[in-house]
Amino acid sequence: MTVTRFAPSPTGYIHVGNLRTALMNFLIARKSGGTFILRLDDTDRERSKQEYIDGIMQDLEWLGLTWDRVEKQSERLGRYEEAAEELRRKGRFYEVFETPLELDLKRKKQLNMGKPPVYDRAALALSDAEKDKLRAERQPYWRFLLDQERIEWTDGILGPISIDAASVSDPVMIKADGQVLYTFASSVDDTDMGVTHIVRGADHVTNTATQIQIIRALGGVPPSFAHHSLLTGPQGEALSKRLGTLSLRDLRAQGIEPMALLSLMARLGSSQPVELAGSIDDLVAGFDISSFGAAPTKFDADDLKPLTRAHVQALPFAAVQDRIAAMGVPADRAEAFWNVAKGNINVLGDLDQWWTLCRDGAEPLIAPEDAEFIAQAMQMLPPPPHGPETWANWTAEVKAATGRKGRGLFMPLRRALTGMDHGPEMADLLPLLQKIRAKG
C-alpha cells in the first residue's frame, strides 16, 4: 500500500513552499487509495510550539487536505535511542568531539589545500583513553558512518541521481545535548511507518543520499523519492525572503480561496496547464508527478486572484447562504442579492460592501453639470418597493422628460444611486436598495 507523509517542523506557520510538498504527498496517497500521514518533526524543543502545531492543522483543514493519522517525533524519542544503539552495535554510529570552531578551522584548511570540506573522520582514530579524556572536557555527539560508495536512485522528477558518498561528510545524527536531528529521526520514522513515497524540495537531494544508507543500515527499504524544484519570485528572485508574507494564513486573510490555491500549486512547474479545479477529487484524478520539471518554478501570488475570482463567482447560492445570512441579509432577498453581487466580487469578503450599499445606500456621486438632471430624475422615481421593471420604466420616463439618452442618461443615474461608475445591472440592483440618498 502507498504511504506518504508531510513532515513539517512546528517552528512556524505553513507557507506556499511547504504547501507544495504537502499537496504532492497528499495527492499521491489519495490517487492510490493509500495512507497520508501528518508527521510533526518536533524534536527541536526550544523552537517547536503548540501554537504552530495548531496552526498547521488548521491550515491543512482549511484546504481540505485531510490526514489519516498524526505522528509526533517528540513521542518517539525512546525509539530513536533504540535505533541509535542498534547502529552503534553495527559500527555505523561513532562518537565525535570537535567543537564548531575546530570544525571550521578544518574546513578552511581543506579548502586552502583545494580539497572538499568533508569531515576527516579523525574521531575514529581516537583511543579509549583519548575519548575518556575528551568526555571529561566536553559532551560528545554522534555521526553516522557512511559507506563511501556511490548512492544511486531514480528520482520521480529529477531522473537518475548518483552521489559519491565520499564527497559528503558523515552526517551528525545526535547533538551533544541529546537532540535527535532530522536526518536520523526521519530515517527511523520512514522505516518504521512503512513510507513508500516521499516528495520534497530539491534542497534535500544530499539528505536523501545519506538517508538511503541509514534506512538500509536499519534493515529497511528506501522509499521512492521525488524532489520538486524550489519556488522563486515572479522575476526569478529568491522566494525565501518573502515567505514570511506568503503563509497560508496570510493568503487566507486576503480572501484567497482554498481551491484556487490548490489548483495553482497542483500544476505549477508541470507541463500541465493551470486550471481551476472543481474539487479535490478533480485534482487527485489529474495529478501526475512525472509531469513536473527540475527548473526553478516561478510563483506569483497575483496568479491566485483570477482563480479565486472565478471560483467565488461560480459558487451556487447554497454554498454562500449561511455567510449571507450572517451578514444580515433578509432571507427573502438573500438569493437575489447573491445573484446580483456575485459577478462583481473578487473575494467573498467583497460581499460586505455590496450589502452595505443595499442596506445603507451610497453617497451620491453627482457632477455639477448633472445636478439639475438628477434632481428631476429622483422626483420621478416611484416609491418602493421597486421591482424588476422599475429601472426600465423609470429611465424611459426620464429619457422622455429630459431628452437624455445612452451613457448620458444611464451613467449619472448609476453614479447617483451607487456612488460608482460600474457594478451590477441596475434593473437587478435597484429592487435591493433599501435606502437611496440622492434627493429630488
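The values are calculated or read from the model by the stated rules, or taken from the named source; none is laboratory data. Computed from a predicted model, the values in this text were never measured in an experiment. We place every Cβ from the backbone using ideal geometry, glycine too, and count neighbours over all the protein chains shown.
If you go through the stretch 305-329 and keep only what is surrounded by 12 or more Cβ atoms within 10 Å (Cβ to Cβ) and more than 17 Å from ASN344 (Cβ to Cβ), you end up with LEU307, ALA319, GLN321, ALA325. Exactly one of these conditions fails for GLN58: (1) buried (at least 21 other Cβ atoms within 10 Å of the Cβ); (2) assigned to a helix (DSSP H, G or I). Give me its number. (1) is the only condition that GLN58 fails. Filtering the stretch 350-377 to residues that are of a type in the set (A, V, I, L, M), surrounded by fewer than 19 Cβ atoms within 10 Å (Cβ to Cβ) and assigned to a helix (DSSP H, G or I) leaves ALA371, ALA375.
How many residues are exposed (fewer than 12 other Cβ atoms within 10 Å of the Cβ) and either of a type outside the set (A, V, I, L, M) or modelled with pLDDT under 95 (or both) if we restrict to the stretch 117-127? Lay out the reasoning, then the answer.
Of the stretch 117-127, the ones exposed (fewer than 12 other Cβ atoms within 10 Å of the Cβ) are 125, 127.
Cutting the leftovers down to either of a type outside the set (A, V, I, L, M) or modelled with pLDDT under 95 (or both) gives us 127.
Selection size over the stretch 117-127: 1.
Within the stretch 134-169, being surrounded by 12 or more Cβ atoms within 10 Å (Cβ to Cβ), among the β-branched types (Val, Ile, Thr) and touching a strand residue (DSSP E or B) at 6+ places or on another chain (Cβ under 7 Å) holds for ILE151, ILE157, ILE161, ILE163. Applying the set (1) free of Cβ contacts under 8 Å to residues at least 12 places away in the same chain; (2) more than 27 Å from ARG143 (Cα to Cα) to ASP104 leaves exactly one unmet item: (2). Return yes when TRP67 is out of contact with any strand residue (DSSP E or B) (no Cβ under 9 Å at 6 or more places or on another chain) and farther than 19 Å from ALA176 by Cα and no when it is not. Criteria not met by TRP67.
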